[in-house]
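Chemist: Dropping the structure in here first, questions after.
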Amino acid sequence: MSRIPLTNKIHSTHLAPHDHALQHTLGDVSEGEDAVGRGMLSVIVVHKEGDKMSSPPFFLLAKKLGRDIFDRLRCWSGELTRVYANSK
């Protein structure tokens, strides 16, 4: 699977990887998807380089939604598993 930055795929507006508007939009999507039982969809949006995990705002929202974020890798991988399991 090819990994293309999300911000490169959005053409209706310009968003940079660290734009507040992007973080807000991803948070809204995650809250909505989680509310209907599909998990935090923004878990699939990850750093392009480095740890290849979600950014700090993801974990702040995860905590707000009741996730245990003490072990970020465990939190992230568990959420990723939840999202993929509910995408079928």
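Chemist: Go through segment 1-57 and name the GluC sites (Glu not before Pro) that are in a DSSP coil and have 11 or fewer other Cβ atoms within 10 Å of their Cβ. Could you put the intermediate results ahead of the total?
Modeler: On the way: sites: GLU31, GLU33, GLU49; in loops: GLU49.
Filter output for segment 1-57: GLU49.
Chemist: Please arrange THR81, THR25 by how many other C-beta atoms lie within 10 Å of their C-beta, fewest to most. Each step should come with its number before you reach the end.
Modeler: Working: THR81 12, THR25 15.
Neighbour counts put them in this order, fewest first: THR81, THR25.
Chemist: Any idea what Rg and Dmax come out to for the chain if you just take the C-alpha atoms, in Å?
Modeler: So, for the chain, Rg and Dmax equal 12.8, 37 Å respectively.
Chemist: Further question: Mean separation of Cα pairs under 8 Å and 6+ residues apart, divided by the residue count of segment 6-85: what relative contact order is that in percent? Write down the numbers at each step before the final one.
Modeler: On the way: 65 pairs, mean separation 17.9, N = 80.
Reported as a whole number, the value is 22 percent.
Chemist: Please report THR7, THR13 as a ranked list, fewest other C-beta atoms within 10 angstrom at the top and most at the bottom.
Modeler: Working: THR7 15, THR13 9.
Fewest to most other Cβ atoms nearby, the residues stand as THR13, THR7.
Chemist: If I build a Gaussian network model for the chain, linking alpha-carbon pairs within less than 10 angstrom, which residue out of HIS47, HIS11, HIS24 has the largest mean-square fluctuation?
Modeler: Largest GNM mean-square fluctuation: HIS11.
Chemist: Report, ordered by chain and residue number, the lysines lying within cross-link reach of LYS9, taken as a straight Cα distance under 26 Å and ignoring same-chain residues fewer than 8 apart.
Modeler: LYS48, LYS52, LYS88
Chemist: In segment 6-85, with Lys and Arg counted as +1 and Asp and Glu as -1 at Cβ, which of these residues, SER55, TYR84, ASN8, has the Cα nearest the positive end of the dipole, that is, farthest along it?
Modeler: TYR84
Chemist: In debye, nearest 20, what is the charge dipole magnitude of segment 6-85 about its Cα centre with +1 on Lys and Arg Cβ and -1 on Asp and Glu Cβ, if you could check?
Modeler: So the magnitude is around 140 debye.
Chemist: Using each residue's phi in segment 72-88, evaluate 6.51 cos²θ - 1.76 cosθ + 1.60 at θ = phi - 60° and report the 3J(HN,Hα) Karplus result to the nearest Hz, with x for Gly and Pro.
Modeler: 4, 5, 5, 4, 4, 5, x, 5, 4, 4, 4, 5, 5, 5, 9, 8, 8
Chemist: Please list the equivalent ellipsoid semi-axes of segment 25-69, computed as the square roots of five times the alpha-carbon gyration tensor eigenvalues, in descending order and whole angstrom. Walk me through the numbers on the way to the answer.
Modeler: Values: eigenvalues 66, 27, 13 Å².
Sorted largest first and rounded, they come to 18, 12, 8 Å.
All of the numbers you see were taken from the coordinates with simple rules; none came from a lab. What you see is a predicted model, and the numbers here were worked out from it, not measured in a lab. Quick reminder, even Gly has a Cβ in these numbers, built from the backbone with ideal geometry, and neighbours come from all protein chains shown.
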